[in-house]
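Read-outs throughout are calculated quantities, based only on the coordinates presented, and are distinct from any laboratory measurement. This one's a predicted model, so the numbers in the text were calculated from it and none came from an experiment. All Cβ positions, even for glycine, are placed from backbone atoms using ideal geometry, and neighbour counts span all protein chains on display.
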Amino acid sequence: MTINFSNSIRVLIVDDDPMVLHFLGVYFETTEDIQVVAEARAGAEALSLLDNITVDIILADICMPNMDGLELLHEIQKRPNPPLFIAMTALDTDDTMLKVLADGGAGYIVKSARPCTIITALRDAVEGGITVSPRALKRLAKYLFDVPQIPYSCNADEHFPRLDSLKSTEKMVLRHLCDGKSDAEISELMNYAESTVRKHVSHLISLFEVKSRLSLVVKVLGTKYIDH
């Protein structure tokens, strides 16, 4: 396999666990478009590396000694043209998730996520999307639904496809997405192949003119487009 590194997504992995660094490196070696350019075991080391290298994404653990992932994100955001930041965590909490997203993180994923989910999170990030692990997305949807105003001011009748214009299958997929279900869970619930579910999700993302499933859920729930 020949890899053109000039077109690769350049990644800096930050984690104090050497096993995590190893396995993430193995995951990304299976791709043709992701290149791990450096590894760091602490936030301060990551910042030092950024003085000498250029990366597109930082994939960083949240719980690290001295400078944790949230502090690292905060420091990175002070820099001109900061790289994208995706948080990883083994201790999934609402507070951490909300802080990461509020501070400009491009993703929040649990370490137990499947390799394909982690790889997709990086690809989505460089395309302008935001990825949140499914179980965290379900909790995030609750917060979004409870907030009276969020950064979308769409009028559902003018800017959204009408609900009755969606096929029954699309309506059901959309409802499951807003419940925080993963593609695999939707596949099981609807008795469809997972590839079929992914096609429906991609179509909905295109239809609602957003860049990711999270953006889709934010837009739909934020305008109370769907009963929940």
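Among the listed pairs 99/199; 111/171; 111/167; 99/181, those with a Cα-Cα distance over 25 Å are 99/199; 111/171; 111/167. Exposure proxy for 116, 178, 63: other Cβ atoms within 10 Å of each Cβ, ordered fewest to most, give 116, 63, 178. Charged neighbours of residue 197, selected by a Cβ distance under 14 Å, balance to +1 (K, R count +1; D, E count -1).
Among residues other than residue 36 with Cβ under 11 Å from its Cβ, the summed charge is -1 (Lys and Arg +1, Asp and Glu -1).
Extension gain, residue 66 to residue 167: 0.36 nm times the residue separation minus the Cα-Cα distance gives 31.2 nm. Summing +1 for each Lys or Arg and -1 for each Asp or Glu among the other residues whose beta-carbon sits under 12 angstrom from that of residue 82 gives -1.
Within a 10 angstrom radius of the beta carbon, how do 88, 67 rank from fewest other beta carbons to most?
Values: 88 24, 67 17.
Arranged by neighbour count, lowest to highest, 88, 67 become 67, 88.
A prolate overall shape is assigned to segment 1-100, the ratio a/c of its alpha-carbon gyration tensor axes (a ≥ b ≥ c) being 1.5 or greater and a/b exceeding b/c. By the count of neighbouring beta-carbon atoms within 10 Å, fewest first, 68, 95 end up ordered 95, 68.
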